[in-house]
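To start, the structure itself, in structure tokens.
Readers should treat all values here as calculations from the given coordinates under stated rules, not as data from a laboratory. Fair warning: this is a prediction, and the values are worked out from it, not measured in the lab. Positions of Cβ are backbone-derived with ideal geometry, glycine not excepted, and every protein chain shown enters the neighbour counts.
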Amino acid sequence: MSGIDEFLAGATAVAPVEDVTVAEEVSPSEAPPSSTEPSGVVEIITPSGIQIYYQAAPRRLYRIRLHADVVPEGDEEDYAEWREVVSCSKVTGILDKPGLVHWGEEIGVKGVQELLRQNFCDAENLKSWSTEMTRDLMKRKGLRTWQSRDKAADRGTSVHRALEGWAMSDGGELVSPEVFPQAEQGYVIGLNRFLSESGFVPTKSEVIVASLLHGLAGRFDLMGRIPEPVSLVTKLTKAGKEHRETVQPDSYLCDLKTSSGIYDEYHLQVAGYQGMCVESGYEKPNQTAILRVSVDGKYEFKQGVAEWLDFWWAKGLYDSLAAIKERVR
């Protein structure tokens, strides 16, 4: 087992946010108060001096402020106090997701099928069960929609850890899929295929960025460059057929997904990250991209088509809806 593989052993028990590669990492001092003890805490300072506080639990939140060393004299009230801000993913969460209805229906049908398959019930007595009884049994067997969602989060954690491990070696060492649970190994295989085929050169991973101006924060997975023209899989059909295109050399901001497809909101999300790179003091990558890996060891690399203005409109809508909710109260 290699050094990187040893580091990743037991990776599914560790949230990737706790190992963020940042410009400057500091102790979580003056942490914003919480009703329960916060966990999964990261506090960093970006190259431009934005101080970002993140906690994973008891609820996920970002708070930002300008570090005391760079606050303009007289602007302490505006920039020196902690300010809770919204994440990019929460902004894009306001968009309609019709596929979730189909997904939830499918999980419910598969759950009942699994109860029947495992002889927890039969078709006759199932007819007499109440909805609550069926839901309770599905919960005890781990078949509810939120339990399926949490399993998806686990696989996402694993593949992100694999990407981080590779980036830690400056792109010189692929992480062995065998380090992870068998059900998650296909996603890591897909990731390794992309990394091998693309020749991607990493410069930063797990990058936290923020905007004081727009009240935003977020974290993306990878920054780097593709050094030369290369044929990559840019689309996977539902049947698993791969379509390839030649991708040109350039600098890229990439976000990694393990979803069943590449959705419109992903394009908005990476555009938001790209815009925040500038205010955070990072060199702005020329291109954005979404890298999706699948359970059967495949990948698709889709260049982002949204721009900062597109995301800005989505943030404006988010703010308007938040203001309406406040007025309704």
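May I have the convex hull volume per residue, in Å³, for the Cα set of the range 167-277?
Numbers: hull volume 13.8 nm³, N = 111.
In the range 167-277, the Cα convex hull volume per residue is 125 Å³.
In whole Å, largest first, what are the principal axis extents of the Cα atoms in the range 210-272?
Taking max minus min along each principal axis of the Cα atoms, the range 210-272 gives 43, 29, 14 Å.
For Val86, what residues show an amide H to amide H distance below 5 Å, using hydrogens built from the backbone and excluding near sequence neighbours?
Ala217
Using a Förster distance of 22 angstrom, determine the FRET efficiency expected from the C-beta separation of Ser260 and Gln182, and round it to 0.05. List each step's numbers first, then the result.
On the way: r = 20 Å, r/R0 = 0.90.
According to the calculation, E is roughly 0.65.
Relative contact order (percent) for the range 152-301, with alpha-carbon contacts under 8 angstrom and 6 or more residues of separation? Write down the numbers at each step before the final one.
Details: 289 pairs, mean separation 38.2, N = 150.
RCO, the range 152-301: 25 percent.
In whole Å, what are the Cα extents of the range 215-329 along the three principal axes, biggest one first?
Computed over the range 215-329, the largest-to-smallest principal extents equal 51, 35, 19 Å.
Taking amide H positions as placed 1.01 Å from N in the peptide plane, with prolines and chain starts having none, which residues 5 or more places from Lys298, or on another chain, fall under 5 Å of its amide H?
Gly190
Checking the table Lys257/Lys325; Lys241/Lys302; Lys238/Lys315; Lys90/Lys257 against a 25 Å threshold on Cα-Cα, which pairs fail?
Details: Lys257/Lys325 31 Å; Lys241/Lys302 15 Å; Lys238/Lys315 32 Å; Lys90/Lys257 16 Å.
The answer is Lys257/Lys325; Lys238/Lys315.
What length, rounded to one decimal in nm, is gained on full extension from Ser39 through to Asp78, with 0.36 nm per residue of separation minus their alpha-carbon distance?
Working: separation 39, 0.36 × 39 = 14.04 nm, distance 2.76 nm.
Full extension of this stretch gives 11.3 nm more.
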